[in-house]
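K.L.:
One structure follows; several queries about it will come next.
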Amino acid sequence: MSLTEILLKTQSPATREEAENLLKSAETNNFGSYVSELAKELANEGSTPQPRSLAGVLLKLSLTGQTEVNQRQKSERWMQQVSAEARAQVKAACLQSLSSPCIEASRAGAQAVAAIAFIEMPFQQWPDLLPKLNAEAARPDLAPELKISVVQAIGYICESAEPESIAEVQVNELLNTIGSTMNDNLPEKLYEAGTTAMLNTLEFAAHNMKNEMERNMIMNMIVQGTKSKYVSVRTKAYECIVKTASFYYEYLGEYITGIYESTFKAIREDVQPVGMQAIEFWTTLCEEEIYLLEEQLEQDMKGEEPSKTCAFYMRKCGKQLCELLLNDCLIKQEEDQDEETRNIATSAAMCLGFLSQCLHNDILPYILPFVEKNINNEDWHRREASVLAFGAMLEGPDSVHIQAPLQAAFETILSKMLVRYEANTQVRDTSAWCVSTICAHHLNLLIPDKHYHPLVDSLLKALDDEARVARNVAFAIHNFARAFAPFANDASNQLSPLFEKFIAKLLEVTKREDRNEWELADNAYEAINNLVENAAMDMHPLIQKLLIEIVKTLIATVETQPNTSDEKEEREKLQMFLCGNVQVIANKLQGAITQGSGFELPDKIMELMVKIIQIPNAPAHSDCYMVIGAMANAVDSEFNRYLGFVMKFVIAGLNNHAEYQVCQNAVGTVGDICRAVEGSIKPYCKEIMVTLANNLKDPNLNKAVKPPTLGVFGDIALAMGPDYEPYLNDSMEIIFSAAQADVDREDEDMVEYLNVLRESILEACTGIIQGLNGDPSANIPSKGQLLQPYAEPMLAFVGTIAQEVQQGNDLSAALVKGAVGVLGDLVFVLGQPVKEKILKHRSHVEPLFQECESSGDKAAVQVAQWSRQTCGLLAA
């Protein structure tokens, strides 16, 4: 059977499964041949459109991963299992398909070209690709339909490529090619493809934007696009404008007047997709200015200049923008719109929220008149808009300025949440959301004000409303409970008289017929968790009763077998919710969990967790490990009673690479168990350490698992004490290898990951140092001298962190604290030789200590003071 025939068979229900199995087998058993045949089919002018386009899509899918790990696997497969000659033939066939008269094949070819480029360009494996695409696009005889595919390929490539993959000279050529397609005299699809390519190329055009002439040319092309006769082009052109606000804020001053006029006109007069993108420009500008002002505050504290200066565009045009959003957008809601709906009204609400954070108190005179005028209007659109506007602005003003308007409007907003006073569901829903926002940011202004008790009564009543309203009411209770976090460990707090009422009502909600609509049950269970977390000590007996009820429900989910897929899904969700409740309650009660019935309840919980873990593919597996860890923290050394039957399941979790969150939580559980049982973990340590080491060596395991895995070495060492010796060398090799990691410092997510990784390395070092040092008071002799060969690399690692402090790099407070602590621990255990080395480099580490001491964190300051004294680095 030919590939063409197999591809055609995938389109028929009768033969689809057989054909898909053949394709999957070919991909698995001979990947090189598989992609070569797909490329030939894609470029085969003798074939029909359907198999050719499908071949291109399958080729793309074989090279594109849905996750970072999956993408790496597919990239390695392409580079390692397909010969250089075969790769060249596949690339030639894909490029050939771009100029095929078969438009379906041409479009699919553009996607395949981009997928290969994403893999090869970082390694300079396809250096002539972009020049070839530019040359192809410049062909005077190339039909517009085919030019679309070439330009789409350019757009796809730039959408996914890393900035360093494309040289400046290539960007110049790309911009010329793209510019030639941005013209209203051309077909709409070509103009749209060109504008999309411009959108994806802007990120690479930093050097062009620095040049005034080139910048003006780029901006002129974009601005002309916002005036196009084509809606699709205008929408994409405004997306380009949005991107300039994010990437090139510092150049906006030259164009802001024109952008102001065109965006306001588009918001008022253009179709919704265009108007929404015009609003998005102002939302992005707000976000940028919020960030710049925060950065400026941080830099002022350090006595340094910020990277960019805020031009305060939002202060200059905030009033006009506010009026536009309120009067022209917010009142254009759709009937029965929900939180997933995206229209001009929801875009305006989001923009108002960010605008309030820019203007702070200054937004009040712009919003309040609109609210006062419309909150009791006969038109539900205006009532809902006024409540939405009030809620959207709440994060901006400070408590002093918002107090009077809030107390004046609160009774009316509260009434709009109740079906007794407000017939329109959408208004009640938005009012419940507004009340939840008030509870999140300004509940203190209502306590012990006259509005406090009406608020509580209204929340309890509104939980009986239909699901879309009740879910926001549950979220309001969630935020209400969080306001009492500072008083959670008091003997009693103002939540105590309300606790039982709220819990009982929320449990009713979780049993409603419509509980699965609008994520109602999710919000109810989360509200229960927050009530438990922030309850005072006098609520412990009620929390114990709640735990008994939750365990009974959990038992029922294990003993009752689902008959349908819907019942199975219902059971899985319920188990996740209930495990979350058990975890929160165990963390809250701690040792008090055994009060009353002794270990009857903990024993039952542990039995249930093991049973759920044994249910194949149960989504609650991850939650079960968190419960086991919480139980270890709660019962402490008494957790020994469970080690014999639970550890094999914990180790199974460590081996679950397919579900990395299960693996990650199992790692955390190991740490919790070590802290609880200490030396009793020894019989299981060899298997645990081998498993952890294998995990760290697996390049396909999600990188999020690596930091906690390194950190748990420290927990194991602290638990085992000097008996950790057999694992010392291997674990230190792994730790020092991880310490060499570095990332792109322009990537904020990767910088944050590096911080977390380094924190874990320092946690591991701290645990190993302290564990090997033993405890003379408990007659456990020290083996600290075993650390001598590792002192120098540890000091070098801390030195790297100290150097980055001097350079002003973005380091977390926990990382700095950990580094300072390791210095003190090394001197405490190894003594004078290490102390002399640190004193020799005093000027190098002094900024590290100063950074730790100025963090404002009490624990960090104490660590710095102890470490400074231990190291002999007394402040001058």
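K.L.:
If LEU574 meets every condition in (1) at pLDDT below 95; (2) surrounded by 12 or more Cβ atoms within 10 Å (Cβ to Cβ); (3) part of a helix (DSSP H, G or I) apart from one, which number is that one?
P.N.:
(1)
K.L.:
What are the residues in segment 775-814 that are open to solvent by 10 Å² or more (accessible area, probe 1.4 Å) and among the hydrophobic types (A, V, I, L, M, F, W, C), if any?
P.N.:
Listed by number, the residues that qualify are ALA778, ILE780, LEU786, LEU795, ALA796, PHE797, VAL805, LEU811, ALA813, ALA814.
K.L.:
Give the residues of segment 645-666 that are touching a helix residue (DSSP H, G or I) at 6+ places or on another chain (Cβ under 9 Å) and more than 22 Å from LYS682 (Cβ to Cβ), sorted by residue number.
P.N.:
Hits for segment 645-666 are ASN656, HIS657, GLU659, TYR660, GLN661, VAL662, CYS663, GLN664, ASN665.
K.L.:
Of the residues that sit in segment 834-854 and are touching a residue at least 40 places away in the same chain (Cβ under 8 Å) and open to solvent by 50 Å² or more (accessible area, probe 1.4 Å), which one is farthest from GLN299 (Cα to Cα)?
P.N.:
LYS837
K.L.:
Can you find even one residue in segment 162-172 that is over 23 Å from ASN216 (Cβ atoms) and open to solvent by less than 10 Å² (accessible area, probe 1.4 Å)?
P.N.:
No: zero hits.
K.L.:
Still on this structure: If you scan segment 745-758, which residues turn out to be more than 18 Å from the chain's Cα centre (by Cα) and open to solvent by 80 Å² or more (accessible area, probe 1.4 Å)?
P.N.:
Scanning segment 745-758 gives a single hit, ARG745.
K.L.:
For ASP566, which of the numbered conditions (1) surrounded by 13 or more Cβ atoms within 10 Å (Cβ to Cβ); (2) under 22 Å from ARG471 (Cα atoms); (3) among the acidic types (Asp, Glu) fails to hold?
P.N.:
The one condition ASP566 does not meet is (1).
K.L.:
Consider ILE735 carefully, then state whether it is open to solvent by less than 30 Å² (accessible area, probe 1.4 Å), aliphatic (A, V, I, L, M) and in contact with a Cys (Cβ under 8 Å, 6 or more places away or on another chain).
P.N.:
Numbers: open to solvent by less than 30 Å² (accessible area, probe 1.4 Å): yes; aliphatic (A, V, I, L, M): yes; in contact with a Cys (Cβ under 8 Å, 6 or more places away or on another chain): yes.
Considered against the rule, which asks whether it is open to solvent by less than 30 Å² (accessible area, probe 1.4 Å), aliphatic (A, V, I, L, M) and in contact with a Cys (Cβ under 8 Å, 6 or more places away or on another chain), ILE735 comes out as yes.
K.L.:
Output the residue which, of all residues in segment 827-876 that are basic (Lys, Arg) and either more than 21 Å from GLU792 (Cβ to Cβ) or assigned to a loop (DSSP other than H, G, I, E, B) (or both), is farthest from the chain's Cα centre (by Cα).
P.N.:
Only one residue fits best here, namely ARG868.
K.L.:
Right, next: Can you tell me which residue within segment 633-644, out of those that are in contact with a helix residue (DSSP H, G or I) (Cβ under 7 Å, 6 or more places away or on another chain) and not small (Gly, Ala, Ser), is most open to solvent (accessible area, probe 1.4 Å)?
P.N.:
Restricting attention to segment 633-644, the residues satisfying the condition of being in contact with a helix residue (DSSP H, G or I) (Cβ under 7 Å, 6 or more places away or on another chain) are 633-637, 639-640, 642-643.
Restricting the remaining residues to those that are not small (Gly, Ala, Ser) gives 633, 635-636, 639-640, 642-643.
Working: ASN633: 61, VAL635: 15, ASP636: 80, PHE639: 0, ASN640: 62, TYR642: 7, LEU643: 8 Å².
Only one residue fits best here, namely ASP636.
K.L.:
Taking helices (runs of 4 or more DSSP H) that fall entirely within segment 198-277, which contain at least 3 residues that are under 25 Å from LEU330 (Cβ atoms) and open to solvent by 40 Å² or more (accessible area, probe 1.4 Å)?
P.N.:
Hits in segment 198-277: 231-247, 256-269.
K.L.:
Next question. Where residues in segment 487-524 are within 28 Å of the chain's Cα centre (by Cα) and assigned to a helix (DSSP H, G or I), which of them is surrounded by the fewest Cβ atoms within 10 Å (Cβ to Cβ)?
P.N.:
GLU517
K.L.:
Being within 27 Å of the chain's Cα centre (by Cα), β-branched (Val, Ile, Thr) and under 20 Å from LYS147 (Cβ atoms) is true for just one of THR181, THR201. Which residue is that?
P.N.:
Details: THR181 fails: within 27 Å of the chain's Cα centre (by Cα).
Step by step, each of THR181, THR201 is checked, and only THR201 is within 27 Å of the chain's Cα centre (by Cα), β-branched (Val, Ile, Thr) and under 20 Å from LYS147 (Cβ atoms).
K.L.:
So for segment 815-822 (the condition being assigned to a helix (DSSP H, G or I), of a type in the set (A, V, I, L, M) and open to solvent by 20 Å² or more (accessible area, probe 1.4 Å)), does at least one residue qualify?
P.N.:
Taking every residue of segment 815-822 in turn, none turns out to be assigned to a helix (DSSP H, G or I), of a type in the set (A, V, I, L, M) and open to solvent by 20 Å² or more (accessible area, probe 1.4 Å).
K.L.:
Another question, if that's okay. Looking only at segment 736-746, decide whether some residue is under 24 Å from GLU659 (Cα atoms), in contact (Cβ under 8 Å) with a residue 24 or more places away in the chain and touching a Phe, Trp or Tyr at 6+ places or on another chain (Cβ under 9 Å).
P.N.:
No, segment 736-746 contains no residue that is under 24 Å from GLU659 (Cα atoms), in contact (Cβ under 8 Å) with a residue 24 or more places away in the chain and touching a Phe, Trp or Tyr at 6+ places or on another chain (Cβ under 9 Å).
K.L.:
What about ALA432, is it within 30 Å of ILE543 (Cα to Cα), open to solvent by less than 10 Å² (accessible area, probe 1.4 Å) and out of contact with any Leu (no Cβ under 8 Å at 6 or more places or on another chain)?
P.N.:
Taking the combined requirement at face value, the residue satisfies it.
K.L.:
How many residues are on the phi < 0 side of the Ramachandran plot and among the small types (Gly, Ala, Ser) if we restrict to segment 595-612?
P.N.:
Matching residues across segment 595-612 total 1.
K.L.:
If you don't mind, there's one more thing I want to ask. Given the criteria over 20 Å from LEU787 (Cβ atoms), in contact (Cβ under 8 Å) with a residue 60 or more places away in the chain and part of a helix (DSSP H, G or I), does ASN700 qualify?
P.N.:
When the stated conditions are applied, ASN700 does not pass them.
K.L.:
Condition first: of a type in the set (Gly, Ala, Ser) and under 25 Å from GLN595 (Cβ atoms). Can you find one or more residues in segment 535-549 that meet it?
P.N.:
There is at least one residue in segment 535-549 that is of a type in the set (Gly, Ala, Ser) and under 25 Å from GLN595 (Cβ atoms).
K.L.:
Tell me which of these LYS189 doesn't satisfy, since it passes every other one: (1) assigned to a helix (DSSP H, G or I); (2) closer than 22 Å to ALA135 by Cα; (3) open to solvent by less than 50 Å² (accessible area, probe 1.4 Å).
P.N.:
(3)
K.L.:
Can you work out which of the residues in segment 373-407 that are within 33 Å of the chain's Cα centre (by Cα) and of a type in the set (S, T, N, Q) is surrounded by the fewest Cβ atoms within 10 Å (Cβ to Cβ)?
P.N.:
SER399
K.L.:
Something else: Out of (1) part of a helix (DSSP H, G or I); (2) open to solvent by less than 60 Å² (accessible area, probe 1.4 Å); (3) out of contact with any Phe, Trp or Tyr (no Cβ under 6 Å at 6 or more places or on another chain); (4) not aromatic (Phe, Trp, Tyr), what's the single condition that is false for ASP184?
P.N.:
Every condition holds for ASP184 apart from (1).
K.L.:
What do you reckon, is GLU76 in contact with a Ser or Thr (Cβ under 9 Å, 6 or more places away or on another chain), in a helix (DSSP H, G or I) and open to solvent by 10 Å² or more (accessible area, probe 1.4 Å)?
P.N.:
No, not satisfied.
K.L.:
Hey, another quick one. Determine which member of the set PHE410, PHE484 is free of Cβ contacts under 8 Å to residues at least 60 places away in the same chain, open to solvent by less than 50 Å² (accessible area, probe 1.4 Å) and more than 30 Å from ASP336 (Cα to Cα).
P.N.:
PHE484
K.L.:
Within segment 59-67, identify whether any single residue is at pLDDT below 95 and either within 20 Å of GLY109 (Cβ to Cβ) or open to solvent by 50 Å² or more (accessible area, probe 1.4 Å) (or both), and answer yes or no.
P.N.:
The answer is yes; a qualifying residue exists.
K.L.:
Take the residues of segment 96-144 that are open to solvent by 60 Å² or more (accessible area, probe 1.4 Å) and touching a Pro at 6+ places or on another chain (Cβ under 8 Å): which is farthest from LEU59 (Cα to Cα)?
P.N.:
PRO144
K.L.:
Could you pull out the residue among ILE615, ILE673 that is assigned to a loop (DSSP other than H, G, I, E, B) and over 16 Å from PHE599 (Cα atoms)? Show your work before the answer.
P.N.:
Numbers: ILE673 fails: assigned to a loop (DSSP other than H, G, I, E, B).
When all the criteria are applied, what remains is ILE615.
K.L.:
Taking segment 62-72 as the region of interest, how many residues are more than 18 Å from GLN125 (Cα to Cα), in contact (Cβ under 8 Å) with a residue 40 or more places away in the chain and not in a loop (DSSP other than H, G, I, E, B)?
P.N.:
Going residue by residue through segment 62-72, those that are more than 18 Å from GLN125 (Cα to Cα) are 62, 65-70.
In the following step, the residues that additionally are in contact (Cβ under 8 Å) with a residue 40 or more places away in the chain were identified as 67-69.
Filter once more, keeping what is not in a loop (DSSP other than H, G, I, E, B): 68-69.
Residues in segment 62-72 being more than 18 Å from GLN125 (Cα to Cα), in contact (Cβ under 8 Å) with a residue 40 or more places away in the chain and not in a loop (DSSP other than H, G, I, E, B): 2 in total.
K.L.:
Further question on the same structure: Say whether the condition of being more than 27 Å from MET276 (Cβ to Cβ), more than 32 Å from the chain's Cα centre (by Cα) and of a type in the set (Ser, Thr, Tyr) is met by at least one residue in segment 222-239.
P.N.:
no
The values are calculated or read from the model by the stated rules, or taken from the named source; none is laboratory data. In this text the structure is predicted, and so the values were computed from the model without any measurement. Neighbour counts run over all protein chains shown; Cβ positions are idealised from the backbone, glycine included. The protein model used for the area step is the full one, side chains on, heavy atoms only, and it has no ligands, DNA or RNA in it. Shrake-Rupley method; radii C 1.70, N 1.55, O 1.52, S 1.80 Å.
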